[in-house]
Amino acid sequence: EELERCMRRGEQAMVLLNRRGYARTLLCRGCGHVYTCPECSVSMTYHQQENRLSCHYCGQEMDVPSACISCGGPYIHYAGIGTEQLESILRTLLPKARIARLDRDTVRRRGTLRSVLFGFAERELDILVGTQILAKGHDFPDVTMVGVVAADGGLSFPDFRSAERTFQLLTQVAGRAGRGTAPGNVVIQSFYPEHYAMHFAQKQDYRGFFDKEIEYRKLMGYPPFR
């Protein structure tokens, strides 16, 4: 709804999902088998454009199976959502909007990042969809709307800095909206809105986040205390 309002006003928007690819993984609904990388045992991401499964850790790729390699069943399910699928959804919901995607997959070709950013700056595009590339210091005065999908995805990472990085990313990407004369609006989708990283990011309260995080680090014996 906010994107539709933004388009009607003739303004621009950014939508961030910090997960590239089309689907997070493939799984068999018959036996529950999940397709993981044979080298590093992490789930492989489905890329629709190349029709390949890819490991985002080591880069190994494999063909997409037509049947489960474990039980032979045909019930292959694409689980989770990435920027490639999000772009497709937005094109369906907003057929008149001019949309481009920025993530590691699209910027592999030399000059693509520069071309898309210049096109956005020149108002040749209405919406940018992408990963954390969107959050990094861009200044577009006509961007009045920022949406974040699955904002708490990073909180589940097995890393003591996950809350800090989530807060950091949300604060950075929120700063892309309202840099011109028109006010900015940020919508964050989260399964854990009560998490302190979400709470303080919503308020843009760095000091509050720091006080909470440093207390947790000290209690758990994490850096900078040990």
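As a test, work out the antiparallel percent of DSSP beta bridges whose residues both lie in the stretch 1-137, rounded to the nearest 5.
For the stretch 1-137, the DSSP antiparallel bridge percentage is about 60.
Setting aside same-chain residues fewer than 8 positions from K218, which aspartates and glutamates have a Cα under 16 Å from its Cα?
Answer for K218, where 16 Å is the Cα cut-off: D159, E164, listed by chain and number.
Would you give the gap between the C-alpha center of the stretch 47-101 and the C-alpha center of the stretch 124-153, rounded to a whole Å?
21
How big is the stretch 166-225 along each principal axis, measuring the range of its Cα positions in Å and listing the largest first?
Dimensions of the stretch 166-225 along the principal axes of its Cα atoms: 45, 23, 14 Å.
Among 9-16, 190-197, 102-109, how do they line up by average Cβ neighbours within 10 Å per residue, starting with the highest? Can you show the working numbers first?
Working: 9-16: 21.0, 190-197: 15.2, 102-109: 17.2.
In descending order of packing, they fall as 9-16, 102-109, 190-197.
Hey, which lysines would be in cross-link range of K212, C-alpha to C-alpha under 19 Å, not counting anything within fewer than 8 residues on its own chain?
Excluding near neighbours in sequence, the set is K203.
Tell me the net charge near M220. Cut-off is 15 Å between Cβ atoms, M220 excluded, with +1 for each Lys or Arg and -1 for each Asp or Glu. Could you put the intermediate results ahead of the total?
Working: positive: R161, K212, R217, K218, R226; negative: D159, E164, E213, E215.
Counting the neighbours of M220, the net charge comes to +1.
Let me check I've understood the local charge: for P193, count other residues with C-beta under 14 angstrom from its C-beta, Lys and Arg +1, Asp and Glu -1. What total comes out?
For residues surrounding P193, the net value is -1.
Given the -39500 (n - 2.57) contribution per DSSP H run of 4+ residues, what per-residue ellipticity at 222 nm results for the chain, rounded to the nearest 500 deg cm²/dmol?
Estimated from H runs of four or more residues: -8500 deg cm²/dmol.
Evaluate the Debye formula for the stretch 113-210 with equal point scatterers sitting on the alpha carbons, no solvent, and hand back log10 of I(q)/I(0) at q = 0.15, 0.24 Å⁻¹, in q order, two decimals.
Taking Cα atoms of the stretch 113-210 as identical point scatterers yields -0.62, -1.28.
If every alpha-carbon in the stretch 1-86 counts as one equal scatterer, what log10 I(q)/I(0) does Debye give at q = 0.19, 0.25, 0.26 1/Å?
At q = 0.19, 0.25, 0.26 Å⁻¹ the computed log10 ratios are -0.81, -1.22, -1.28.
Take the alpha carbon atoms of the stretch 25-156, find their radius of gyration, then divide it by 2.2 N^0.38 Å using N residues; give the quotient.
1.23
Around A150, under 13 Å between beta carbons, what's the net of Lys plus Arg minus Asp minus Glu among the other residues?
That works out to +2.
Computed from the coordinates by the stated procedures, all read-outs in this text should not be read as laboratory data. What you see is a predicted model, and the numbers here were worked out from it, not measured in a lab. Methodologically, a virtual Cβ is constructed for each residue, glycine included, from the backbone with ideal geometry; neighbour enumeration extends over all protein chains shown.
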